[in-house]
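These notes are about the structure you will find just below.
The values are calculated or read from the model by the stated rules, or taken from the named source; none is laboratory data. Note that the structure is a prediction, hence the values are computed from the model and not measured. Positions of Cβ are backbone-derived with ideal geometry, glycine not excepted, and every protein chain shown enters the neighbour counts. We work out accessible area using only protein heavy atoms, side chains counted, and drop any ligands, DNA or RNA first. Shrake-Rupley method; radii C 1.70, N 1.55, O 1.52, S 1.80 Å.
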Amino acid sequence: MKTAVLGKYMPLNSPIHNLDPRAKIIAMFLLIVAVFVPQNYFVTLGLFAIILICVIISRIGFKYILQAFKPLIFMMFFLLVINILTVKNGTLLASIGPLSIYTGALSSTLAVVTRLVMMIMLTTLLTATTKPLDLTLGIEYILGPLKIVKFPVHEVAMMISIALRFIPTIIEETMRIMNSQKSRGVDFEEGKLKEKISAILSLIVPLFAAAFQRAYDLADAMEARGYVPGANRTKYRKLAYRFSDFVVIFFSIAILGLSIASRFVL
């Protein structure tokens, strides 16, 4: 938990940091769709290489990105076990009693994990290179056409931005509560099932209480500053597309198009 990075902004000066937030959000969604389009390994490697180049350009460092993968370890193990138990196609690699391991189980697990890794890299890249306020403005502008059907665009954008902003804060609060409970003799790693459930409850209850208290404090602060949901608001900063933003969007559309075309050609 200490190394969780989603939602944290890194104030650096890079070409990706300087892009319009709308361009980054649109590019991220297009690339995520391209990642989850079924394709062969060569196209997947190409997409992975493009994402790595984006990480290099952003200057946030591979060490920062790798920190986001630690929560995936349990998920990867869980997917591997499920696939070994259910997928029975391909070549038989090993047989341990009633358990048989086929190449299809390993390849399907690798495909899912690779897509999840690329998706997390893209979302981490977005939050690390975009200020929370800019992210709110970008989401609001993109969802702007929904105002025609009375959709609360600004409120939804504000909630998404606040949720991303408070992810690191909640994680820090979790670590603080865990350390406090450990100092009182609570063991989160060992013990019987009943003891582990009791330990988790000793963590969840104060964590929810602290989260609700932060929500109340934030609501009071916003109200004290005159924030009224649904009111007509002016903006101090106006977003404006530049040539580099159009290049990024066009490049993302081209990648998505090539990814879809690869299904029928390769």
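Segment ALA219..MET75, full-extension length gain: 48.3 nm, with 0.36 nm per residue of separation and the alpha-carbon distance subtracted. On a per residue basis, the convex hull of the C-alpha atoms belonging to the stretch 91-202 measures out at 234 Å³. The equivalent ellipsoid of the stretch 149-266 has semi-axes of 41, 29, 13 Å, largest first, where each one is the square root of 5 times an eigenvalue of the Cα gyration tensor. Classify the stretch 58-140 from the C-alpha gyration tensor, please: rounded if a/c falls under 1.5, else prolate or oblate depending on whether a/b exceeds b/c. Prolate is the answer for the stretch 58-140, as a/c is 1.5 or above and a/b outweighs b/c. Counted by Cβ distance under 12 Å from PRO206, the other residues give a net charge of +1, where Lys and Arg count +1 and Asp and Glu count -1.
Would you please classify the overall shape of the chain from the alpha carbon gyration tensor, given that a ≥ b ≥ c denote the square roots of the eigenvalues, rounded means a/c under 1.5, and beyond that prolate means a/b larger than b/c while oblate covers the rest? Since a/c reaches 1.5 but b/c is at least a/b, the shape of the chain is classed as oblate.
Centre-to-centre separation between the Cα atoms of the stretch 95-121 and those of the stretch 216-250: 42 Å.
Among the trypsin sites (Lys or Arg not before Pro) in the stretch 55-130, those placed in a DSSP loop whose Cβ has at most 16 other Cβ atoms within 10 Å are ARG59, LYS88. If you plug the beta carbon distance of SER198 and GLU155 into 1/(1 + (r/R0)^6) with R0 = 35 Å, you get a FRET efficiency near 0.35. Calculated on C-alpha atoms, the gyration radius of the stretch 20-87 divided by its Kirkwood radius gives an Rg/Rh of 1.04. On the basis of the beta-carbon distance and an R0 of 22 Å, ILE82 and THR123 show a calculated FRET efficiency of 0.35.
Judged by the gyration tensor of its Cα atoms, with axes a ≥ b ≥ c, the stretch 1-158 is prolate; a/c meets the 1.5 cut and a/b is the larger of a/b and b/c.
Grab the beta carbon distance between ALA211 and THR91, set R0 = 45 Å, and tell me the FRET efficiency rounded to 0.05. With R0 = 45 Å, the Cβ-Cβ based efficiency is 0.35.
Longest exposed-loop-site-free stretch of the chain, with chymotrypsin sites (Phe, Trp or Tyr not before Pro), DSSP loop and at most 15 other Cβ within 10 Å? Between the exposed loop sites, the longest stretch runs 37-187. Structure note, pairs LYS24/LYS238; LYS24/LYS150; LYS131/LYS235; LYS63/LYS182; LYS131/LYS238; LYS70/LYS182: Cα-Cα distances above 20 angstrom occur for LYS24/LYS150; LYS63/LYS182; LYS70/LYS182. Computed with a 1.4 Å probe over protein heavy atoms only, the accessible surface of the stretch 17-139 comes to 51 Å² per residue. Using θ = phi - 60° in the Karplus curve 6.51 cos²θ - 1.76 cosθ + 1.60, the 3J(HN,Hα) couplings for the stretch 233-241 round to 10, 8, 10, 5, 10, 9, 7, 9, 5 Hz; x is entered for Gly and Pro.
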